[in-house]
Amino acid sequence: MNKIVWVLFFLVSFAMNSFAGEKIEYFRKAFNGIKDSKTADAFLNTKVDDTIKSNVSAIVAYKGVCTMMKAQYVMNPFSKYSYFNQGKKILAIAIKAGKNVENIYLRLIVQLNAPAFLGYDKEIKADTEYIKNNLEESNVPESIKKYILKNLMKTKKVDSLKALAKKYGVV
């Protein structure tokens, strides 16, 4: 009888954890795995289970950028524009809810890579300065700080971060 109770307890615990939401680490990793509309939808449908405010705003920012990325996976120009604008609004809400290095990085990387005709480039200078002034003291893991700087350096559009990138050994 005891064995049955333990097996049931294990199965219930497993089932509950299988349907639980995910924390920031999951979203960081899964974001890099978005390759098509299907993986983007799966990412967007993942529930959030993180109670740290800065993590939640970063997760919302990741979801906003993912929504913007969906524009790559549709043919209709109106749908492309719609996805981009929806994502832009979500990203703005995330930043307003909790400005941090990670969500500012996400906005900056989109601005640096968005087509010029979209006019999504107004915050490049401010975002670059924010990262320059706040990255070292931010609560993101060292590996994420390096990842942020490495990706920004790849764009060859943010020379003002070069000294910081050198300090972190990414250039």
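The values are calculated or read from the model by the stated rules, or taken from the named source; none is laboratory data. Just so you know, these numbers come straight off a predicted model, no measurement behind them. Heads up, the Cβs are rebuilt from the backbone with ideal geometry, glycines too, and the neighbour counts pull from every protein chain shown. To get the accessible areas, we keep the full protein, side chains included, count just its heavy atoms, and leave off ligands, DNA and RNA. Shrake-Rupley method; radii C 1.70, N 1.55, O 1.52, S 1.80 Å.
Data overview
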read-out	value
By average C-beta atoms within 10 angstrom, highest first, the peptides 83-90, 119-126	83-90, 119-126
Mean Cβ count within 10 Å, highest first, over the residues of peptides 146-152, 40-46	146-152, 40-46
R0 of 35 Å, Cβ-Cβ distance residue 162-residue 44: FRET efficiency to nearest 0.05	0.55
Backbone HN-Hα couplings from phi across segment 28-45 [Karplus 6.51/-1.76/1.60, Hz, Gly and Pro as x]	4, 6, 5, 4, 6, x, 6, 10, 7, 4, 5, 5, 5, 4, 4, 4, 5, 8
Estimated FRET transfer efficiency when R0 is 25 angstrom, pair residue 86-residue 51 (beta carbons, to 0.05)	0.45
Sequence ranges 155-168, 60-73, 102-115, ranked by mean other-Cβ count within 10 angstrom, highest first	60-73, 102-115, 155-168
Structure-based [θ]222 nm, the chain - -39500 (n - 2.57) summed over DSSP H runs of at least 4, per residue, nearest 500	-21000 deg cm²/dmol
Potential extension, residue 78-residue 23 segment - 0.36 nm per residue separation minus Cα distance	16.5 nm
From phi via Karplus (6.51, -1.76, 1.60), per-residue ³J(HN,Hα) for segment 123-128 in Hz, x at Gly/Pro	10, 4, 5, 5, 5, 4
Degrees between helix 142-154 axis and first principal axis of the chain (Cα, 0 to 90, nearest 10)	40 degrees
Sequence-distant residues sharing a close amide H with residue 48 (under 5 Å, placed H)	22
Euclidean distance of C-alpha centroids, segment 87-165 and segment 41-61, integer Å	18 Å
Ranking by accessible area, most exposed first, for 36, 127 with a 1.4 Å probe	36, 127
Label assignment, Cα extents along the principal axes in Å derived from the structure, set (1) 50, 39, 27; (2) 68, 43, 27; (3) 69, 49, 39	(2)
Inter-label distance for residue 146 and residue 97, nm, one decimal - labels placed 7 Å from Cα along Cα-to-Cβ	3.1 nm
Environment charge at residue 91 (Cβ cut-off 15 Å; Lys +1, Arg +1, Asp -1, Glu -1)	+4
FRET E, pair residue 125, residue 155, Förster distance 22 Å, beta-carbon r, rounded to 0.05	0.95
Portion, in percent, of the accessible area of segment 131-170 that falls on carbon or sulfur, probe 1.4 Å	47 percent
